[in-house]
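We did not get these values from a lab; they are worked out from the coordinates using the rules stated. The shown structure was predicted, so the numbers you read here are calculated from the model rather than taken from an experiment. Backbone-built Cβ (ideal geometry, glycine too); neighbour counts: all protein chains shown.
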Amino acid sequence: MQRYKIFFTLRYSLFTFFCIFAAVMEYTLNCNGHLLDLSEPQVMGILNATPDSFYAASRKQTEESIAGRTHQILNEGAAIIDVGACSTRPDSESVGEEEEMARLRFALPIVRREAPHAVVSVDTFRPNVARMVVEEYGVDLINDVGVSDESQHAMFRMVSNLRVPYIYMSRKSTMKEVMLDCAEAVDKLRSMGQKDIILDPGFGFGKTVAENYQIMGELERMQALRLPVLVGISRKSMIWKQLCCTPDEALNGTTVLNTISLQKGASILRVHDVREAMECVKLVAQLNKLK
């Protein structure tokens with residue numbers, strides 16, 4: 001392990017320098033036979049089937065509201081619908097596995113009925129939930145916000161058996177630690193046969209506000225890992241605490257950081273506000289044409 005860390009440190013300092021200036025990486029995800037092209041950035045729209053997610057406007061618990069949100073996400077241009085049934089905000093009440101499954105069994109049939117050809121991901125840290133949503137509803141991606149090493153290692157085994165694309169999120173607090181953590185996770189996943197992997201630096205998870213901004217400032221370094229990077233900063237506390245506002249007032253700050261993320265190589269933006277994120281993607285793409 002020590003030799004691996006020494007090698008990684010050298011690779012981190014030299015190879016990332018090259019990747020900052022490299023061309024945009026081409027990558028395609030196989031989502032149940034549907035190929036999702038990430039050579040251009042894509043937007044993932046959030047659908048929270050929860051009563052307590054930190055951004056109140058994102059909570060959808062009725063058939064009508066879930067159907068409406070599904071159509072809104074797609075009509076505004078998102079490529080992926082991310083369904084969550086267990087809030088991960090710091091002060092949220094713990095939700096058991098059976099309750100999380102029950103919420104998803106209510107929401108996913110509505111999403112599938114309203115958008116049968118959409119790419120759907122589920123936001124969960126529980127391997128049994130991942131198996132249920134893939135086997136029963138054909139969910140295309142698993143977005144893991146693992147709360148412990150034990151749960152994430154169990155999830156590694158599950159997603160490799162399910163053969164679905166997997167989003168790995170790091171809870172480390174510096175970019176160097178995030179890079180090492182992600183590299184080790186990718187190595188384990190590859191050894192289990194996992195093919196499609198997306199990396200998430202984990203803004204808002206296990207980090208102070210200052211650490212979040214330090215990682216944002218070095219985000220381009222993640223291109224060295226040669227995998228798509230997902231950024232999820234939508235209306236998070238790193239924005240509204242810095243601006244002394246509320247999640248309801250954090251859209252402008254979200255747009256600023258989404259724009260910076262795209263300029264630093266993000267492949268997927270996970271957002272509440274799809275239309276605004278799509279505008280970021282279009283404008284940054286126009287700027288990139290001039291390079």
Cβ-based net charge around Lys282, under 15 Å, with every Lys or Arg adding one and every Asp or Glu removing one: -3
Could you check which residue among Ala115, Ala85, Ala277 shows the biggest mean-square fluctuation in a GNM of the chain with a 10 Å Cα cutoff? Ala115
Would you mind telling me which residue in Lys264, Lys241, Lys207 has the biggest mean-square fluctuation in a Gaussian network model of the chain, where springs connect alpha carbons within a distance under 10 angstrom? Lys241
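Distance cut-off 26 Å, Cα to Cα: go down the list Lys207/Lys264; Lys172/Lys264; Lys188/Lys289 and report the pairs above it.
As for pairs spanning more than 26 Å Cα to Cα, those are Lys188/Lys289.
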Can you spot the aspartates and glutamates whose alpha carbon is less than 18 Å from Lys291's alpha carbon? Ignore those fewer than 8 places along the same chain. Glu26, Glu40, Glu220
Cβ charges +1 (Lys, Arg) and -1 (Asp, Glu), total dipole of the chain, debye: 880
Tally Lys and Arg at +1 and Asp and Glu at -1 over the other residues with C-beta under 13 Å from the C-beta of Gly33: what net charge comes out? -1
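Please tell me the relative contact order of the stretch 144-291 in percent, rounded to the nearest whole number, where contacts are Cα pairs under 8 Å and at least six residues apart.
Working: 193 pairs, mean separation 27.7, N = 148.
Worked out over the stretch 144-291, it gives 19 percent.
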Residue-averaged 222 nm ellipticity for the chain, from DSSP H runs of 4+ at -39500 (n - 2.57), nearest 500: -14500 deg cm²/dmol
With θ taken as phi - 60° and the coefficients 6.51, -1.76 and 1.60, list the Karplus ³J(HN,Hα) couplings across the stretch 65-73 in order, rounded to whole Hz; mark glycine and proline as x. 6, 5, 4, x, 5, 4, 5, 4, 4
Would you mind telling me which residue in His117, His34, His153 has the biggest mean-square fluctuation in a Gaussian network model of the chain, where springs connect alpha carbons within a distance under 10 angstrom? His117
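What is the sum of charges, Lys and Arg at +1 and Asp and Glu at -1, for the other residues whose Cβ falls under 12 Å from the Cβ of Gln263?
Working: positive: Lys264, Lys291; negative: Glu220.
Taking every Cβ under 12 Å from that of Gln263, the sum is +1.
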Suppose we keep just the DSSP beta bridges with both residues in the chain; what percent of those would be antiparallel, to 5? 10
Evaluate the stretch 116-185: find the radius of gyration of its Cα atoms, find its Kirkwood radius, and give the ratio Rg to Rh. 1.01
Under 5 Å from the placed amide H of Gln42, counting only residues 5+ away or on other chains, we find Ile268, Leu269
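If you stretched the chain out fully between Ser65 and Glu136, how much longer would it get, using 0.36 nm times the residue separation minus the C-alpha to C-alpha distance?
On the way: separation 71, 0.36 × 71 = 25.56 nm, distance 2.23 nm.
Gain on extension, Ser65 to Glu136, equals 23.3 nm.
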Of the listed values [x] 17.5; [y] 16.5; [z] 14.3, grab the one calculated as mean projected area of the Cα convex hull in nm² from the structure here. [z]
